[in-house]
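Take a look at the structure set out below.
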Amino acid sequence: MSQQVQGVVAPGKNEPVRVETIVIPDPGPGEAVVKIQACGVCHTDLHYKQGGISDDYPFLLGHEASGVVESVGDGVTDVAPGDFVILNWRAVCGSCRACLRGRPWYCFNTHNAKQKMTLTDGTELSPALGIGAFAEKTLVAAGQCTKVDPSVSPAVAGLLGCGVMAGIGAAINTGNVGRGDSVAVIGCGGVGDAAIVGSRLAGAARIIAVDIDDRKLATAKTMGATHTVNSRSTDPVEAIRELTGGFGADVVIEAVGRPETYRQAFYARDLAGTVVLVGVPTPEMKLELPLLDVFGRGGSLKSSWYGDCLPSRDFPMLIDLHQQGRIDLAAFVTETIGLGDVEQAFARMHEGDVLRSVVTL
């Protein structure tokens with residue numbers, strides 16, 4: 001039988017979110033119902049609310065989550081009721097051209113639950129990134145569930161479901177940061193700080209944090225930045241070059257998602273260096289660069305989706321590193337809140353007061 005739970009819905013563009021009663025169907029073939037224990041408040045949820053993703057309202061928000069599998073549908077073998085899981089929004093198919101070439105982190109056919117969750121009047125909901133986890137329970141494709149060590153805090157584990165994984169992966173997987181490299185990270189919110197953590201984990205010798213907020217720069221230092229640059233008062237390109245012997249950084253990670261900061265990243269890298277775009281732009285943004293500069297500087301210009309992660313590989317590994325004390329994922333949790341506090345959490349996010357507000361249930 002279907003069941004009714006409480007969840008956070010964005011009813012229309014820029015309208016305040018509200019807690020509604022959600023109808024969760026029994027899992028069908030290849031699906032799972034997960035009892036949510038924690039879900040981080042991510043900028044992507046705010047983009048959904050603001051209409052920056054699509055206009056397929058109403059949205060069931062939340063996607064950066066962990067919880068316990070309650071039930072599974074036919075054909076599900078990788079997870080079972082009682083498993084503690086992190087939810088991921090790129091469930092690989094195993095059979096597309098990327099998967100068959102041994103590159104499942106580029107899967108071109110990721111999938112979600114086929115059934116729809118609804119409001120009590122039958123209105124179909126669009127779950128954020130195919131998850132919809134600002135809710136007591138949610139319905140997902142079983143492939144979106146990744147088992148991890150159940151002894152970890154749910155509030156910590158859930159962060160790997162999006163922002164923290166995106167940042168760490170941008171450094172390690174996409175940027176291929178190596179021992180002794182110089183790295184600059186432009187934008188020191190949750191994703192940028194995670195890129196700093198990933199760069200430190202990979203052995204970078206110099207990690208330069210760039211932001212316009214001194215509070216964020218101070219936090220970046222605690223995450224592993226060796227140098228900071230306030231780009232409100234200092235030209236970040238010149239500062240990064242000065243800190244790297246006049247050459248520019250080996251890897252520059254842009255975690256803002258704006259044309260202005262991407263240009264800074266482009267010109268702040270060394271010749272044959274790498275730029276990684278992990279910040280999410282909006283549809284109307286345009287980028288203009290001299291093609292001769294693109295040609296003449298060489299190197300790589302990359303985009304990082306979800307940190308080019310493979311959840312089945314990366315989630316358990318990063319949880320293990322956290323449990324061993326080698327990375328501090330708990331440092332990203334600024335506050336824990338309830339379902340009714342999400343609108344206020346968006347405001348705190350906009351003001352730059354938090355790394356992550358985490359809804360706990």
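If only one of ASP83, ASP74 is touching a residue at least 12 places away in the same chain (Cβ under 8 Å), in contact with a strand residue (DSSP E or B) (Cβ under 7 Å, 6 or more places away or on another chain) and either open to solvent by less than 10 Å² (accessible area, probe 1.4 Å) or among the charged types (D, E, K, R) (or both), which one is it?
ASP83
Restricting the search to region 91-147, which residues are open to solvent by 40 Å² or more (accessible area, probe 1.4 Å), assigned to a strand (DSSP E or B) and either at pLDDT below 95 or of a type in the set (S, T, N, Q) (or both)?
HIS111
Can you give me the number of residues within region 283-311 that are of a type in the set (Gly, Ala, Ser) and more than 14 Å from the chain's Cα centre (by Cα)?
The qualifying residues number 4.
Starting from residues that are part of a loop (DSSP other than H, G, I, E, B) and within 16 Å of CYS162 (Cβ to Cβ), keep the ones in region 283-311 and report whichever is modelled with the lowest pLDDT.
TRP305
Answer yes if at least one residue in region 311-322 is in contact with an Asp or Glu (Cβ under 8 Å, 6 or more places away or on another chain), open to solvent by less than 30 Å² (accessible area, probe 1.4 Å) and closer than 30 Å to ASP214 by Cβ, and no otherwise.
No.
Give region 1-12 a look and list any residue that's modelled with pLDDT of 95 or more, more than 10 Å from PHE134 (Cβ to Cβ) and either crowded, with 17+ Cβ neighbours inside 10 Å or not small (Gly, Ala, Ser) (or both), or say none.
GLN3, GLN4, VAL5, PRO11
Go through the residues of region 45-68 one by one and say whether even a single one is out of contact with any Leu (no Cβ under 8 Å at 6 or more places or on another chain), more than 20 Å from SER126 (Cβ to Cβ) and either at pLDDT 95 or above or polar (S, T, N, Q) (or both).
Checked against the condition, which is being out of contact with any Leu (no Cβ under 8 Å at 6 or more places or on another chain), more than 20 Å from SER126 (Cβ to Cβ) and either at pLDDT 95 or above or polar (S, T, N, Q) (or both), region 45-68 yields at least one hit.
For VAL280, are the conditions met, namely being buried (at least 16 other Cβ atoms within 10 Å of the Cβ) and not in a loop (DSSP other than H, G, I, E, B)?
No; evaluated as a whole, the condition is false for this residue.
Would region 33-47 turn up any residue that is open to solvent by 30 Å² or more (accessible area, probe 1.4 Å) and of a type in the set (Val, Ile, Thr)?
no
Looking only at residues that are without any contact (Cβ under 8 Å) to a residue 40 or more places away in the chain and small (Gly, Ala, Ser) in region 212-247, which one is surrounded by the most Cβ atoms within 10 Å (Cβ to Cβ)?
ALA220
Across region 248-277, what is the total count of residues that are assigned to a loop (DSSP other than H, G, I, E, B), open to solvent by less than 20 Å² (accessible area, probe 1.4 Å) and in contact with a helix residue (DSSP H, G or I) (Cβ under 7 Å, 6 or more places away or on another chain)?
So the answer is 1.
Give the residues of region 55-71 that are outside any strand (DSSP E or B) and open to solvent by less than 10 Å² (accessible area, probe 1.4 Å), sorted by residue number.
Hits for region 55-71 are LEU61, GLY62, HIS63.
Hey, does region 15-35 have a residue that's in a strand (DSSP E or B), among the acidic types (Asp, Glu) and within 24 Å of SER357 (Cα to Cα)?
yes
I'm told MET349 meets every condition in (1) in contact (Cβ under 8 Å) with a residue 24 or more places away in the chain; (2) under 30 Å from THR244 (Cα atoms); (3) not acidic (Asp, Glu) except one. Can you identify the failing condition by its number?
Every listed condition holds for MET349 apart from (2).
Which is at pLDDT 95 or above, of a type in the set (Asp, Glu), within 21 Å of GLY224 (Cβ to Cβ) and under 19 Å from the mean Cα position of the chain (by Cα), of ASP250, ASP314, ASP270?
On inspection, the qualifying residue turns out to be ASP314.
From the set of residues in region 91-110 that are of a type outside the set (A, V, I, L, M, F, W, C) and in contact (Cβ under 8 Å) with a residue 40 or more places away in the chain, which is farthest from SER303 (Cα to Cα)?
The qualifying residue farthest from SER303 (Cα to Cα) is PRO104.
Here is a list: ASN176, ASN88. Which entry is under 30 Å from VAL275 (Cα atoms), open to solvent by less than 50 Å² (accessible area, probe 1.4 Å) and in contact (Cβ under 8 Å) with a residue 40 or more places away in the chain?
Criteria check complete, one pass: ASN88.
What about TRP89, is it in contact with a helix residue (DSSP H, G or I) (Cβ under 8 Å, 6 or more places away or on another chain) and more than 30 Å from GLN344 (Cα to Cα)?
no
So which pairs qualify, if the first residue must be in region 279-301 and under 13 Å from ARG258 (Cβ atoms), the second must be of a type in the set (Val, Ile, Thr) and open to solvent by 90 Å² or more (accessible area, probe 1.4 Å), the Cβ gap must be under 7 Å, and the two must be at least 6 apart or on different chains?
If the second residue must be of a type in the set (Val, Ile, Thr) and open to solvent by 90 Å² or more (accessible area, probe 1.4 Å), no pairs are left.
Answer yes or no as to whether GLY82 is small (Gly, Ala, Ser) and over 30 Å from LYS302 (Cα atoms).
Yes.
The values are calculated or read from the model by the stated rules, or taken from the named source; none is laboratory data. Given the structure is predicted, the values throughout are model-derived calculations rather than measurements. When we count neighbours, we look across all protein chains shown, and the Cβ atoms used for this are built from the backbone with ideal geometry, even at glycine. The accessibility values were calculated without ligands, DNA or RNA, using every heavy atom of the protein model including side chains. Shrake-Rupley method; radii C 1.70, N 1.55, O 1.52, S 1.80 Å.
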